[in-house]
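Contents: one structure, followed by commentary.
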Amino acid sequence: MPKGKDVIVYEREKGAKLFLVAVRLEHRVGALTDLSSRIERAKFRFVSGFVGPEREGGYARCSWYVEATEGRPSKAEVKALLLTSPYVKDVEVAEAHKGMLVDALSFPLRWSTGDRAILIRTHFFEVMERAIRSLLSTGADVLLYQMGYNHGKPSWEDLLGAYKVDTREDLDEVIAIYSAVGWGKMEVSAFGKEAKRAAVEVHECFECTERSQEARTGCNFMRGHLAGLFATVFGDEGVRVTESKCVKDGASVCEFSVGS
């Protein structure tokens, strides 16, 4: 089974007529089937895209790159085609320019909570850390940890206000968010809420993967973010998180221990 999720920022045209379409589609059984069948009957091939959650008045936002396999239709013709579906409310269409088509129709990006979000490549974090370390030397570890904590704690407080973590299974579910957003594949190896102790293994942590290990002391940002998580889970801001293993030191995974 294919693994991973590609973030579609742009597509490159390869000799065919490429369009990006975005619609507000009624959120009901049969709507997606109706629209997709109309697109395929008109001899378009789906290239990539997504179906978003229901947000506004019973409508979901859907967006696809589609390729015309016959003829050279115009943007107006593509829009008219999509509007033939009784389930479609609004339509936007863009077409490739010199073989390039960027997905500017999906702005702004939003988190599942509805909060504004941005995408950055992991290389950005490497550049940021190097800049911080060049200015602060070993003080960079403290700053990166604090950045992780200051972002993690309010984020987890917001989510865990409605979802209570009492068991290891509860924790398994929420900590999987780190995997969903590409930070690393998480595995809880120990958890005790009453004892305020836990252990977490992080496979392919973004702070270690494909990055220079020079002058690094560990995954300080991730350690701080996890401290924010467990401070929320245990209701104790005195919780400490230490990194007992790190890929930078030759370990196969990064391992974090949590205790008060």
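No lab work stands behind these numbers, since they all come straight from the coordinates. What you are looking at is a predicted structure, and each value in this text was computed from that prediction instead of being measured. Glycine also receives a Cβ, built like all others from the backbone with ideal geometry; neighbour counts cover every protein chain displayed.
Could you line up Phe206, Phe230 from fewest to most neighbouring Cβ atoms inside 10 Å?
On the way: Phe206 19, Phe230 27.
Ascending number of Cβ neighbours within 10 Å: Phe206, Phe230.
Using only the alpha-carbon atoms, how far is helix 31-41 inclined from the longest principal axis of the chain? Give it as 0 to 90 degrees, nearest 10.
Here the helix axis deviates by roughly 50 degrees.
May I ask you to compute the full-extension gain from Ser48 to Ala80, defined as 0.36 nm times their residue separation minus their alpha-carbon distance, rounded to one decimal in nm? Numbers along the way, then the final one.
Working: separation 32, 0.36 × 32 = 11.52 nm, distance 2.08 nm.
Extra length available between Ser48 and Ala80 comes to 9.4 nm.
How would you rank Tyr145, Tyr163, going from fewest to most other Cβ atoms within 10 Å of each one's own Cβ?
Final ranking by Cβ density, sparse to dense: Tyr163, Tyr145.
What is the list of residues in region 132-169 whose amide nitrogen lies under 14 Å from a point 7 angstrom out from the Cα of Trp111, following Cα to Cβ?
Only 148-162 pass the distance filter.
Magnitude of the Cβ-charge dipole of region 95-183, K/R +1 and D/E -1, about the Cα centre, nearest 20 debye?
Using Cβ point charges on Lys, Arg, Asp and Glu, region 95-183 gives about 440 debye.
Taking 22 Å as R0, compute the FRET efficiency from the Cβ-Cβ separation of Lys5 and Asp158 and round it to 0.05.
With a Förster radius of 22 Å, E is 0.40.
Among Val200, Val9, Val102, which comes first, then next, by fewest other beta-carbon atoms within 10 Å?
Val9, Val102, Val200
Return the whole-Å distance between the Cα centroid of region 118-193 and the Cα centroid of region 15-48.
Region 118-193 and region 15-48 have Cα centres separated by 37 Å.
Dividing the alpha-carbon radius of gyration of the chain by 2.2 N^0.38 Å (N being the number of residues), what value is obtained?
Ratio of Cα Rg to 2.2 N^0.38 Å: 1.25.
What value, in deg cm²/dmol to 500, does the helix sum -39500 (n - 2.57) over DSSP H runs of n ≥ 4 give at 222 nm once divided by the residues of the chain?
Result for the chain, helices only: -10000 deg cm²/dmol.
Return a single number: how many Lys pairs in region 1-98, at a sequence separation of 8 or more or on separate chains, have alpha-carbon atoms below 12 angstrom apart.
5
What FRET efficiency comes out for the pair Thr167/Glu40, r = Cβ-Cβ distance, R0 = 41 Å, nearest 0.05?
That gives a FRET efficiency of 0.35.
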